[in-house]
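The values are calculated or read from the model by the stated rules, or taken from the named source; none is laboratory data. The structure presented is a predicted model; accordingly, all values stated were derived computationally and were not measured. Quick reminder, even Gly has a Cβ in these numbers, built from the backbone with ideal geometry, and neighbours come from all protein chains shown. Please note that ligands, DNA and RNA were not included when accessible areas were found on the heavy atoms of the full protein model with its side chains. Shrake-Rupley method; radii C 1.70, N 1.55, O 1.52, S 1.80 Å.
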Amino acid sequence: MNLALLFNEDFVAPDRVVLRGRRLEHIRSVLGASTGDQLPVGRVNGLMGLGEVIKLTDSEAELVVVLDQQPPPLLPLTLILAMPRPKMFRRILQTSATLGIKDIWLINSYKVEKSFWQTPWLSDQNLRENLTLGLEQAKDTIMPSVHIRKLFKPFVEDELPALLNGKQALVAHPGTAMPCPTHLNTPSALCIGPEGGFTPYEVGKLEEAGCQSVHLGPRILRVETAVPVLVSRLFDACL
Ligand code: SAH
(Lines give C-alpha, C1' and ligand atoms only; values in the text may rest on other atoms or scores of the structure.)
Protein backbone atom coordinates (compact mmCIF):
# COMPACT_ATOMS: atom_id res chain seq x y z
CA MET A 1 0.00 0.00 0.00
CA ASN A 2 1.98 2.98 -1.29
CA LEU A 3 -1.05 5.20 -0.82
CA ALA A 4 -4.19 4.76 1.31
CA LEU A 5 -7.22 5.08 -0.95
CA LEU A 6 -9.98 7.00 0.82
CA PHE A 7 -13.69 6.41 0.24
CA ASN A 8 -16.59 8.74 1.09
CA GLU A 9 -17.47 6.63 4.12
CA ASP A 10 -13.96 7.21 5.59
CA PHE A 11 -14.50 10.99 5.88
CA VAL A 12 -15.72 12.28 9.24
CA ALA A 13 -15.10 15.93 8.20
CA PRO A 14 -14.08 17.51 4.87
CA ASP A 15 -10.35 17.14 5.77
CA ARG A 16 -10.46 14.24 8.24
CA VAL A 17 -10.68 10.48 7.81
CA VAL A 18 -10.88 7.54 10.19
CA LEU A 19 -9.36 4.28 8.94
CA ARG A 20 -9.90 0.79 10.34
CA GLY A 21 -9.31 -2.81 9.22
CA ARG A 22 -6.72 -3.51 6.50
CA ARG A 23 -5.52 0.07 6.13
CA LEU A 24 -5.14 0.56 9.90
CA GLU A 25 -3.24 -2.73 10.12
CA HIS A 26 -0.90 -1.62 7.32
CA ILE A 27 -0.31 1.81 8.88
CA ARG A 28 0.56 0.22 12.24
CA SER A 29 2.40 -2.97 11.30
CA VAL A 30 4.03 -2.36 7.91
CA LEU A 31 4.62 1.41 7.98
CA GLY A 32 5.14 1.47 11.76
CA ALA A 33 3.63 4.98 11.76
CA SER A 34 3.15 7.13 14.84
CA THR A 35 1.15 10.25 15.62
CA GLY A 36 2.52 13.19 13.62
CA ASP A 37 3.69 11.08 10.65
CA GLN A 38 2.52 12.00 7.17
CA LEU A 39 1.32 9.27 4.82
CA PRO A 40 0.40 9.34 1.11
CA VAL A 41 -3.38 9.27 0.64
CA GLY A 42 -5.80 9.80 -2.23
CA ARG A 43 -9.56 10.14 -2.56
CA VAL A 44 -11.18 7.60 -4.85
CA ASN A 45 -11.71 9.21 -8.28
CA GLY A 46 -10.17 12.41 -6.92
CA LEU A 47 -6.96 14.11 -5.82
CA MET A 48 -4.00 12.68 -3.94
CA GLY A 49 -1.91 14.23 -1.17
CA LEU A 50 -0.76 13.60 2.40
CA GLY A 51 -2.57 12.58 5.57
CA GLU A 52 -1.12 13.47 8.97
CA VAL A 53 -1.81 10.91 11.66
CA ILE A 54 -3.42 12.75 14.57
CA LYS A 55 -4.68 9.72 16.49
CA LEU A 56 -3.59 6.08 16.41
CA THR A 57 -5.16 3.35 18.55
CA ASP A 58 -5.64 -0.44 18.25
CA SER A 59 -8.99 0.15 16.57
CA GLU A 60 -8.56 3.25 14.40
CA ALA A 61 -6.29 5.81 12.80
CA GLU A 62 -7.44 9.38 12.36
CA LEU A 63 -5.74 11.51 9.71
CA VAL A 64 -6.00 15.14 8.62
CA VAL A 65 -5.65 15.14 4.85
CA VAL A 66 -4.51 17.71 2.30
CA LEU A 67 -5.41 16.61 -1.23
CA ASP A 68 -3.75 18.76 -3.89
CA GLN A 69 -2.15 16.49 -6.50
CA GLN A 70 -3.52 14.93 -9.66
CA PRO A 71 -3.32 11.15 -10.00
CA PRO A 72 -0.94 9.82 -12.70
CA PRO A 73 -2.05 9.70 -16.37
CA LEU A 74 -4.25 6.73 -17.23
CA LEU A 75 -3.49 4.19 -19.93
CA PRO A 76 -5.71 4.77 -23.00
CA LEU A 77 -6.51 1.08 -23.17
CA THR A 78 -9.70 -0.96 -23.13
CA LEU A 79 -8.76 -4.45 -21.96
CA ILE A 80 -11.01 -7.25 -23.20
CA LEU A 81 -10.14 -10.39 -21.34
CA ALA A 82 -11.50 -13.92 -21.61
CA MET A 83 -12.55 -14.68 -18.01
CA PRO A 84 -9.44 -16.14 -16.35
CA ARG A 85 -9.24 -18.90 -13.74
CA PRO A 86 -10.28 -17.36 -10.37
CA LYS A 87 -6.88 -17.45 -8.66
CA MET A 88 -5.29 -15.75 -11.62
CA PHE A 89 -8.22 -13.38 -12.07
CA ARG A 90 -7.64 -11.70 -8.74
CA ARG A 91 -3.99 -11.00 -9.53
CA ILE A 92 -4.77 -9.85 -13.08
CA LEU A 93 -7.35 -7.42 -11.72
CA GLN A 94 -4.85 -5.93 -9.28
CA THR A 95 -2.12 -5.75 -11.94
CA SER A 96 -4.45 -4.13 -14.46
CA ALA A 97 -5.37 -1.43 -11.94
CA THR A 98 -1.70 -0.92 -11.07
CA LEU A 99 -0.80 -0.50 -14.76
CA GLY A 100 -3.39 2.28 -15.19
CA ILE A 101 -6.01 0.35 -17.19
CA LYS A 102 -9.42 1.94 -16.55
CA ASP A 103 -11.77 -0.09 -18.71
CA ILE A 104 -11.93 -3.86 -18.32
CA TRP A 105 -14.33 -6.18 -20.15
CA LEU A 106 -14.56 -9.80 -18.99
CA ILE A 107 -15.93 -11.97 -21.76
CA ASN A 108 -16.78 -15.58 -22.32
CA SER A 109 -14.89 -17.77 -24.75
CA TYR A 110 -15.13 -21.45 -25.71
CA LYS A 111 -12.19 -22.40 -23.48
CA VAL A 112 -13.39 -20.48 -20.42
CA GLU A 113 -14.62 -23.06 -17.90
CA LYS A 114 -18.24 -22.35 -16.90
CA SER A 115 -17.32 -22.59 -13.21
CA PHE A 116 -15.01 -19.55 -13.53
CA TRP A 117 -18.11 -17.32 -13.67
CA GLN A 118 -19.18 -18.54 -10.23
CA THR A 119 -16.16 -17.09 -8.46
CA PRO A 120 -16.85 -14.77 -5.51
CA TRP A 121 -14.05 -12.53 -6.87
CA LEU A 122 -16.67 -11.20 -9.33
CA SER A 123 -18.86 -9.68 -6.61
CA ASP A 124 -18.97 -5.86 -6.60
CA GLN A 125 -17.29 -5.74 -3.20
CA ASN A 126 -14.44 -8.07 -4.19
CA LEU A 127 -13.91 -6.30 -7.51
CA ARG A 128 -13.63 -3.00 -5.64
CA GLU A 129 -11.30 -4.46 -3.02
CA ASN A 130 -8.87 -5.92 -5.56
CA LEU A 131 -8.92 -2.86 -7.81
CA THR A 132 -8.25 -0.77 -4.67
CA LEU A 133 -5.20 -2.90 -3.87
CA GLY A 134 -3.94 -2.34 -7.42
CA LEU A 135 -4.51 1.43 -7.25
CA GLU A 136 -2.86 1.68 -3.82
CA GLN A 137 0.16 -0.15 -5.19
CA ALA A 138 0.49 2.27 -8.11
CA LYS A 139 -0.43 5.46 -6.19
CA ASP A 140 -3.49 6.15 -8.30
CA THR A 141 -7.05 7.06 -7.35
CA ILE A 142 -9.14 6.50 -10.47
CA MET A 143 -11.23 3.35 -10.03
CA PRO A 144 -11.39 1.20 -13.19
CA SER A 145 -14.77 0.00 -14.43
CA VAL A 146 -15.39 -3.69 -14.99
CA HIS A 147 -18.02 -5.01 -17.42
CA ILE A 148 -19.11 -8.63 -17.46
CA ARG A 149 -20.32 -10.28 -20.67
CA LYS A 150 -21.11 -13.98 -20.32
CA LEU A 151 -22.06 -14.53 -23.97
CA PHE A 152 -19.32 -14.23 -26.60
CA LYS A 153 -21.31 -13.89 -29.82
CA PRO A 154 -23.79 -11.14 -28.79
CA PHE A 155 -20.91 -9.19 -27.26
CA VAL A 156 -18.67 -9.44 -30.32
CA GLU A 157 -21.45 -8.83 -32.85
CA ASP A 158 -23.61 -6.25 -31.08
CA GLU A 159 -21.34 -4.33 -28.72
CA LEU A 160 -17.73 -4.69 -29.77
CA PRO A 161 -17.81 -2.72 -33.06
CA ALA A 162 -19.08 0.39 -31.24
CA LEU A 163 -16.63 -0.15 -28.38
CA LEU A 164 -13.74 -0.27 -30.86
CA ASN A 165 -14.85 2.87 -32.69
CA GLY A 166 -11.92 5.32 -32.87
CA LYS A 167 -9.52 2.85 -31.27
CA GLN A 168 -6.63 0.80 -32.56
CA ALA A 169 -7.86 -2.71 -31.76
CA LEU A 170 -5.69 -5.78 -31.33
CA VAL A 171 -6.16 -9.41 -30.39
CA ALA A 172 -3.10 -11.11 -28.91
CA HIS A 173 -2.92 -14.49 -30.59
CA PRO A 174 0.18 -16.69 -30.69
CA GLY A 175 1.37 -17.89 -34.08
CA THR A 176 -0.24 -15.10 -36.05
CA ALA A 177 1.78 -13.24 -38.73
CA MET A 178 2.03 -9.69 -37.36
CA PRO A 179 4.26 -8.81 -34.41
CA CYS A 180 2.71 -6.74 -31.64
CA PRO A 181 3.20 -3.00 -32.34
CA THR A 182 4.97 -0.54 -30.01
CA HIS A 183 4.74 3.17 -29.07
CA LEU A 184 0.95 3.41 -29.24
CA ASN A 185 -0.28 6.80 -28.09
CA THR A 186 -3.91 6.76 -29.20
CA PRO A 187 -6.94 5.05 -27.62
CA SER A 188 -6.53 1.32 -28.06
CA ALA A 189 -8.26 -1.95 -27.30
CA LEU A 190 -6.61 -5.27 -26.61
CA CYS A 191 -8.22 -8.72 -26.47
CA ILE A 192 -6.46 -11.46 -24.52
CA GLY A 193 -7.61 -15.06 -24.66
CA PRO A 194 -8.10 -17.76 -22.03
CA GLU A 195 -5.46 -20.30 -20.93
CA GLY A 196 -6.36 -22.49 -23.90
CA GLY A 197 -6.36 -19.51 -26.31
CA PHE A 198 -9.19 -18.15 -28.50
CA THR A 199 -10.52 -20.67 -31.06
CA PRO A 200 -10.01 -19.88 -34.79
CA TYR A 201 -13.76 -19.06 -34.97
CA GLU A 202 -13.41 -16.56 -32.12
CA VAL A 203 -10.33 -14.93 -33.62
CA GLY A 204 -12.28 -14.63 -36.90
CA LYS A 205 -15.18 -12.93 -35.12
CA LEU A 206 -12.83 -10.53 -33.29
CA GLU A 207 -11.15 -9.68 -36.59
CA GLU A 208 -14.55 -9.11 -38.23
CA ALA A 209 -15.35 -6.65 -35.43
CA GLY A 210 -12.17 -4.71 -36.26
CA CYS A 211 -9.32 -6.33 -34.29
CA GLN A 212 -5.92 -7.01 -35.80
CA SER A 213 -4.27 -10.26 -34.65
CA VAL A 214 -0.77 -9.79 -33.28
CA HIS A 215 1.82 -12.04 -31.65
CA LEU A 216 4.50 -11.66 -28.99
CA GLY A 217 6.98 -14.17 -30.32
CA PRO A 218 7.17 -17.94 -30.02
CA ARG A 219 6.93 -18.17 -26.23
CA ILE A 220 3.46 -18.75 -24.86
CA LEU A 221 2.90 -16.56 -21.83
CA ARG A 222 0.44 -17.13 -19.02
CA VAL A 223 -2.41 -14.61 -19.15
CA GLU A 224 -1.17 -12.93 -15.98
CA THR A 225 2.24 -12.48 -17.64
CA ALA A 226 0.80 -11.55 -21.05
CA VAL A 227 -1.10 -8.55 -19.59
CA PRO A 228 1.93 -6.61 -18.26
CA VAL A 229 4.17 -7.72 -21.15
CA LEU A 230 1.64 -6.52 -23.73
CA VAL A 231 1.01 -3.24 -21.91
CA SER A 232 4.70 -2.40 -21.56
CA ARG A 233 5.33 -3.33 -25.17
CA LEU A 234 2.39 -1.32 -26.53
CA PHE A 235 2.78 1.85 -24.46
CA ASP A 236 5.67 4.07 -23.44
CA ALA A 237 3.96 4.78 -20.11
CA CYS A 238 6.81 3.24 -18.12
CA LEU A 239 9.41 5.67 -19.54
N1 SAH B 1 -2.77 -22.40 -25.56
C2 SAH B 1 -2.84 -21.21 -26.35
C3 SAH B 1 -2.15 -20.06 -25.67
C4 SAH B 1 -2.95 -19.38 -24.68
S5 SAH B 1 -2.05 -18.21 -23.78
C6 SAH B 1 -2.12 -21.44 -27.68
O7 SAH B 1 -1.18 -22.23 -27.72
O8 SAH B 1 -2.48 -20.75 -28.62
C9 SAH B 1 -3.34 -17.17 -23.22
C10 SAH B 1 -3.48 -15.88 -23.97
O11 SAH B 1 -2.35 -15.03 -23.72
C12 SAH B 1 -3.55 -16.01 -25.48
O13 SAH B 1 -4.87 -16.26 -25.93
C14 SAH B 1 -3.05 -14.64 -25.93
O15 SAH B 1 -4.08 -13.67 -25.90
C16 SAH B 1 -2.00 -14.30 -24.88
N17 SAH B 1 -0.65 -14.75 -25.31
C18 SAH B 1 0.19 -15.54 -24.59
N19 SAH B 1 1.35 -15.72 -25.25
C20 SAH B 1 1.25 -15.04 -26.42
C21 SAH B 1 2.12 -14.83 -27.53
N22 SAH B 1 3.32 -15.37 -27.59
N23 SAH B 1 1.67 -14.07 -28.56
C24 SAH B 1 0.43 -13.51 -28.52
N25 SAH B 1 -0.43 -13.67 -27.50
C26 SAH B 1 -0.03 -14.41 -26.44
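It is to be established whether one or more residues within the range 31-39 are within 22 Å of ALA97 (Cα to Cα) and either in contact with a strand residue (DSSP E or B) (Cβ under 6 Å, 6 or more places away or on another chain) or touching a residue at least 60 places away in the same chain (Cβ under 8 Å) (or both).
yes
LEU184 is checked against (1) modelled with pLDDT of 95 or more; (2) open to solvent by 10 Å² or more (accessible area, probe 1.4 Å); (3) of a type outside the set (Gly, Ala, Ser) and fails just one. What number does that condition carry?
Here LEU184 clears every test but (1).
Looking at (1) assigned to a strand (DSSP E or B); (2) open to solvent by 10 Å² or more (accessible area, probe 1.4 Å), which one does ARG28 not meet, given that it meets all the others?
So ARG28 meets the others, but not (1).
For the structure I just gave you, tell me whether LEU190 is in contact with a helix residue (DSSP H, G or I) (Cβ under 9 Å, 6 or more places away or on another chain) and in the same structural domain as ILE101 (by TED's automatic domain parsing).
It is true that LEU190 is in contact with a helix residue (DSSP H, G or I) (Cβ under 9 Å, 6 or more places away or on another chain) and in the same structural domain as ILE101 (by TED's automatic domain parsing).
Within the range 50-70, is there a residue that is over 26 Å from TYR201 (Cβ atoms) and part of a helix (DSSP H, G or I)?
The initial filter retains those residues of the range 50-70 that are over 26 Å from TYR201 (Cβ atoms), namely 50-70.
From the residues that got through so far, the ones that are part of a helix (DSSP H, G or I) too are none.
Within the range 50-70, none of the residues are over 26 Å from TYR201 (Cβ atoms) and part of a helix (DSSP H, G or I).
Name the helices (runs of 4 or more DSSP H) wholly inside the range 144-239 in which the number of residues that are more than 16 Å from the ligand (Cβ to nearest atom) and more than 29 Å from SER115 (Cα to Cα) is 3 or more.
Working: elements: 160-164, 200-208, 223-234.
So the answer is none; nothing clears 3.
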